[in-house]
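What follows is one structure encoded as structure tokens, with my remarks underneath.
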Amino acid sequence: MKIIKFLLSFIFCVLPLTEALGEGFVTIDFGTSKKEATEHFITMWGQPDIVNDEAIVFLNKDYRGFRFNKIIIGFENKSDDHHFNQARFFIARHARHHAVVQRDSIARVMAQKYGYGISTDYEENGNKFYKGGASPEGIGFLFTIYTQRREGRWMTELRFGAFHKIKK
């Protein structure tokens, strides 16, 4: 009986924590200071291509088996305290079909991590998108994966956040 209670408490305590980390794409807690998060992502991808108060941007990075044209790591500013609150991964394609293939490939990878917590939905225009995981805010989803036309090309986007008021 003690073993069952231990296992149940482990499941209810540890699983929500692993979801907040993004398990594979976002490998640091939302709410981490900008300085610490920036150091973490520089270790992963090298120096960012763009840096400003709201974000650091990496261009043309291979990560987790995908080639991302742009990765935006966003920060929320609370007076002088900036902290990590979102991550956006973009893959640009010239044809919608190729963007859809990428969307579905990313969804398969995320489904392996969140098999029970990923679902499909449809936008008003009939475009399919995926959502899943548990938001660190306790309401909503951790990520969405969708395609859309942007800047003259089709974009597949994996988006975490923006999560507000989360601070370590």
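The values are calculated or read from the model by the stated rules, or taken from the named source; none is laboratory data. Since we're looking at a predicted model, the values are computed, not measured. Using ideal geometry, Cβ is built from the backbone for each residue, glycine included, and neighbour counts are taken over all protein chains shown. When the accessible area is computed, the model is the full protein with side chains, heavy atoms only, and any ligands, DNA or RNA have been set aside. Shrake-Rupley method; radii C 1.70, N 1.55, O 1.52, S 1.80 Å.
One residue is enough: does segment 81-103 have a residue meeting the conditions surrounded by fewer than 16 Cβ atoms within 10 Å (Cβ to Cβ) and out of contact with any strand residue (DSSP E or B) (no Cβ under 9 Å at 6 or more places or on another chain)?
Looking through segment 81-103, none of the residues is surrounded by fewer than 16 Cβ atoms within 10 Å (Cβ to Cβ) and out of contact with any strand residue (DSSP E or B) (no Cβ under 9 Å at 6 or more places or on another chain).
Taking only segment 121-141 into account, find how many residues are in a strand (DSSP E or B) and either open to solvent by 50 Å² or more (accessible area, probe 1.4 Å) or touching an Asp or Glu at 6+ places or on another chain (Cβ under 8 Å) (or both).
Filtering segment 121-141 for residues in a strand (DSSP E or B) gives 121-122, 128-132.
Subsequent filtering for residues that are either open to solvent by 50 Å² or more (accessible area, probe 1.4 Å) or touching an Asp or Glu at 6+ places or on another chain (Cβ under 8 Å) (or both) retains 121-122, 128-131.
The total comes to 6.
Taking segment 142-168 on its own, how many of its residues are of a type in the set (A, V, I, L, M), open to solvent by 10 Å² or more (accessible area, probe 1.4 Å) and part of a loop (DSSP other than H, G, I, E, B)?
Selection size over segment 142-168: 2.
Could you grab the pairs with beta carbons closer than 7 Å, sequence gap of 6+ or different chains, first residue in segment 141-152 and farther than 12 Å from Asp104 by Cα, second one at pLDDT below 90 and of a type in the set (D, E, K, R)?
Taking only residues 6 or more apart or on different chains, the pairs are Leu142/Glu19.
Taking Lys34, is it without any contact (Cβ under 8 Å) to a residue 60 or more places away in the chain and either closer than 25 Å to Ser135 by Cβ or out of contact with any strand residue (DSSP E or B) (no Cβ under 6 Å at 6 or more places or on another chain) (or both)?
Judged against the criteria, Lys34 is a match.
So is Asp53 acidic (Asp, Glu), assigned to a loop (DSSP other than H, G, I, E, B), surrounded by 15 or more Cβ atoms within 10 Å (Cβ to Cβ) and at pLDDT below 95 or not? Give the derivation first.
Details: acidic (Asp, Glu): yes; assigned to a loop (DSSP other than H, G, I, E, B): yes; surrounded by 15 or more Cβ atoms within 10 Å (Cβ to Cβ): no; at pLDDT below 95: yes.
For Asp53, the condition - acidic (Asp, Glu), assigned to a loop (DSSP other than H, G, I, E, B), surrounded by 15 or more Cβ atoms within 10 Å (Cβ to Cβ) and at pLDDT below 95 - is not met.
Among (1) touching a residue at least 24 places away in the same chain (Cβ under 8 Å); (2) part of a strand (DSSP E or B); (3) buried (at least 20 other Cβ atoms within 10 Å of the Cβ), there is one condition Phe68 misses while meeting the rest; what is its number?
For Phe68, the exception is condition (1).
Each row is one residue, and each column tells you yes or no for (1) in contact (Cβ under 8 Å) with a residue 12 or more places away in the chain; (2) open to solvent by 30 Å² or more (accessible area, probe 1.4 Å).
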residue: Glu39; (1), (2): no, yes
residue: Gln47; (1), (2): no, yes
residue: Arg64; (1), (2): yes, yes
residue: Phe75; (1), (2): yes, no
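Is one or more of the residues making up segment 90-104 over 22 Å from Gly31 (Cβ atoms), touching a Lys or Arg at 6+ places or on another chain (Cβ under 6 Å) and part of a helix (DSSP H, G or I)?
Checking segment 90-104: at least one residue is over 22 Å from Gly31 (Cβ atoms), touching a Lys or Arg at 6+ places or on another chain (Cβ under 6 Å) and part of a helix (DSSP H, G or I).
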